[in-house]
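Below: one structure, written as structure tokens.
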Amino acid sequence: MENSSENFIIALDGGSGTGKSTTAKLVAKTLGITYLDTGAMYRAVTYVALQKGLKAEEGPAMDELLKDLTLGFDSENHILINGESHEQEIRGMLVSNNVSIYCALPSVRAAMTAQQREIGKKQSCILDGRDIGTVVFPDAKYKFFMVTDVAVRAERRLKELLEKGEKVTYEEVLKNLTERDRLDSSRANAPLKKADDAIEIDTTHISIQQQVQKILDYVGVVA
Ligand code: DC
């Protein structure tokens, strides 16, 4: 790090299931900075909208949902929705299969982007997402973009979900990852896209520890 007394942002973007959150958590721990899981924020909005039976469309009902929604994180980085943890629900297939439609709404993106900037303004942070290096913090000091072969991503995600007790097949997980990347990359507003100045990391054949080390090497920290 050039100047450790100065706050800095690490933007970590990439497709679904590329291992961003695991990597970001470990980088944050090593550097002693805040980790912000921006995907969890979009998952939380989707979960609440589904609970309320709201369609993925703009309008007063969505505006009200966003106005009444208070998001926070507990000490384990689990998102709190109006003070309560819904970790299991936001990671389940129902939310995963709907999040790309709700998160494309301009009102949802504007509300989440504003909150992410507010948090990042106050402290050094690593944020993982899809549009951190392009839209949320285009001036981030460090930008990374993770890519992984989709079959490897599906295997890894399937294992995680099965361990959590979710009843899901490899085919369902593969379809969800592929479809989310398609929708997330093709939306008009803040699509999933590598920033021109981001460093690409291919995680297909490397371990989590190696992914973390690559980022630490660029940031200039000896772990
Ligand atoms: O990181 P994740 O898979 O938990 O993210 C869930 C969804 O949220 C993802 O399919 C796209 C959306 N998302 C987004 O649009 N922008 C972000 N910065 C983070 C996530």
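Only helices enter the 222 nm calculation for the chain: every DSSP H run of n ≥ 4 contributes -39,500 (n - 2.57), and dividing by all residues gives -15500 deg cm²/dmol, rounded to 500.
Lysine pair count for the range 102-223 with Cα-Cα distance under 22 Å and sequence separation of 8 or more or different chains is 17. Once the C-beta distance of Ser207 and Ser185 is scaled by a Förster radius of 30 Å, the resulting FRET efficiency is 0.65 to the nearest 0.05. Along the range 127-137 the Karplus relation, 6.51 cos²θ - 1.76 cosθ + 1.60 evaluated at θ = phi - 60°, assigns HN-Hα couplings of 10, 10, x, 10, 10, 5, x, 9, 10, 6, 10 Hz to successive residues, with x for each Gly and Pro. Other residues within the sphere of radius under 14 Å centred on the Cβ of Pro60, judged by their own Cβ, net out at -2 (K and R +1, D and E -1). Charges were assigned to the Cβ only: +1 to each Lys and Arg, -1 to each Asp and Glu. The resulting dipole of the chain about its Cα centre is roughly 100 debye. Whole Å is fine, so just give me how far the alpha carbon centre of the range 10-32 lies from that of the range 70-125. Going from one Cα centre to the other spans 16 Å. Ranked for footprinting exposure by Cβ neighbours inside 10 Å, fewest first, Ser75, Ser185, Ser100, Ser207 give Ser75, Ser207, Ser185, Ser100. Projecting the Cα atoms of Leu174, Pro60, Tyr142 onto the charge dipole of the chain, computed from C-beta unit charges around the Cα centre, puts Leu174 farthest toward the positive end. Here the range 146-223 is assigned +1 on the Cβ of each Lys and Arg and -1 on the Cβ of each Asp and Glu. Its dipole about the Cα centre then comes out at about 220 debye. Charging the Cβ of each Asp and Glu at -1 and of each Lys and Arg at +1, and nothing else, the dipole of the range 89-196 about its Cα centre rounds to 300 debye.
Contact order for the chain, expressed relative to its length and based on alpha carbon pairs under 8 Å spaced 6+ residues apart, stands at 34 percent. Under Stokes-Einstein, with the Kirkwood radius over Cα pairs as Rh, the value for the range 13-170 at 37 °C and 0.692 mPa s is 200 µm²/s.
What trypsin sites (Lys or Arg not before Pro) in the range 143-217 are in a loop by DSSP, with at most 13 other Cβ atoms within 10 Å of the Cβ? Those satisfying the criteria are Lys164, Lys167.
Any read-out appearing in this document is the output of simple, stated calculations on the displayed coordinates, not a laboratory observation. Model, not experiment: these values are computed from the prediction. We place every Cβ from the backbone using ideal geometry, glycine too, and count neighbours over all the protein chains shown.
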